[in-house]
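Where a number appears in this text, it was derived from the coordinates with a stated rule and is not lab data. Everything numeric here is computed off the predicted structure, so don't read it as measured data. Quick reminder, even Gly has a Cβ in these numbers, built from the backbone with ideal geometry, and neighbours come from all protein chains shown.
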Amino acid sequence: MTDLLSHVFMQRALLAAVLTSIVCGIIGSYIVVRQMTAMSGGISHATFGGVGLGYLFGFSPLAGAAGFAVASALVIGVLKDYANQKIDTLIGTIWAIGMALGILFVALTPGYIPDIESYLFGNILLVTKTDLIAASILAAVIVVVVLLLYHPLMAVTFDEEYATVMNLPVRALNLLLLVLIAFTVVMLIQVVGSILVIALLTLPAASCRMLTSRLSVMMAGSVATAMIVSFGGILLSAFWNLPSGATITLLAAGVYLLAICGKNAVRI
């Protein structure tokens, strides 16, 4: 174990797990309470279009994913409010367009693309110093925004009608929450990949949701749970040469199943 932790790649992986777990636990709690799991899944899959665009034009695929994630979130939010479109139709459309564009861009990219699977299924053991810097900046931005707007976001999350009566900018707050989800999705791509993002983004929060009704407690528990499954998945991946995204996701699913079994025994 000591020898393993002495490797730079393992240290970077663990640090990335800490950063993503903090953000995942916070934003994932909003997603679970607002029942926005499908929406986060649509945004995460749409990011593949940005990944393909990055490969095609020779810039960072992660930067392309970030652009597509934010654009997808804003399109869903704006069309939902102003075009009177059903949310499930919007999600399905954005999901399909993003994946289709990604496949098209990758097909048009000349030469062999060696690490496309890491963006689809994740590999936290391949996180670079640049990735950590970008993740640190995104995590700081997300945490600061949530701290500054904690009560307005909580009001919109639990009761939009009450938030409207209190003269809060409900539409703006909803769009902001979608953008925060988009940034979180981008952070999680390196950990579990765009296909499995939805699991790490919702399962830790869903597990804690069954044990508490307080948002702050739920967030803290979700952060801790995300760290535990991320650390466990990283170690399993390193010891047994398994895909890190899959091991992290399965551990998160295992915790969720345990929470279901124990939800009637424990209530905070």
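In the range 193-268, the C-alpha radius of gyration followed by the widest Cα-Cα span (Dmax) gives 12.7, 39 angstrom.
Only four residue types carry charge here, +1 at the Cβ of Lys and Arg and -1 at the Cβ of Asp and Glu. Report the dipole size of the range 2-262 about the Cα centre in Debye, rounded to the nearest 20. Value, rounded to 20: 160 debye.
The helix-based estimate of mean residue ellipticity at 222 nm for the chain, built from -39,500 (n - 2.57) per DSSP H run of four or more residues and divided by its residue count, is -28000 deg cm²/dmol to the nearest 500. Rg/Rh, computed from the Cα trace of the chain with Rh as the Kirkwood radius, has the value 0.97. Could you give the DSSP H helices of the chain that reach 18 angstrom or more along their long axis (alpha carbon positions) and whose average Kyte-Doolittle hydropathy is no lower than 1.6? Helices passing the filter in the chain: 8-34, 87-108, 129-148, 170-209, 215-240, 244-262.
Taking label positions 7 Å along the Cα-Cβ direction at both Arg214 and Ala38, the computed distance is 3.3 nm, reported to one decimal.
When only Cα pairs below 8 angstrom with a gap of at least 6 residues are kept, the chain shows a relative contact order of 30 percent.
Chymotrypsin sites (Phe, Trp or Tyr not before Pro), restricted to the range 47-144: which are DSSP loop and have at most 15 other Cβ atoms within 10 Å?
Phe59, Tyr112
Ordered by the number of other Cβ atoms lying within 10 Å of each residue's own Cβ, fewest first, Cys24, Cys208 fall into the sequence Cys208, Cys24.
Neighbour counts of C-beta atoms inside 10 Å place Lys263, Lys129, Lys80 in the sequence Lys129, Lys263, Lys80, starting with the fewest.
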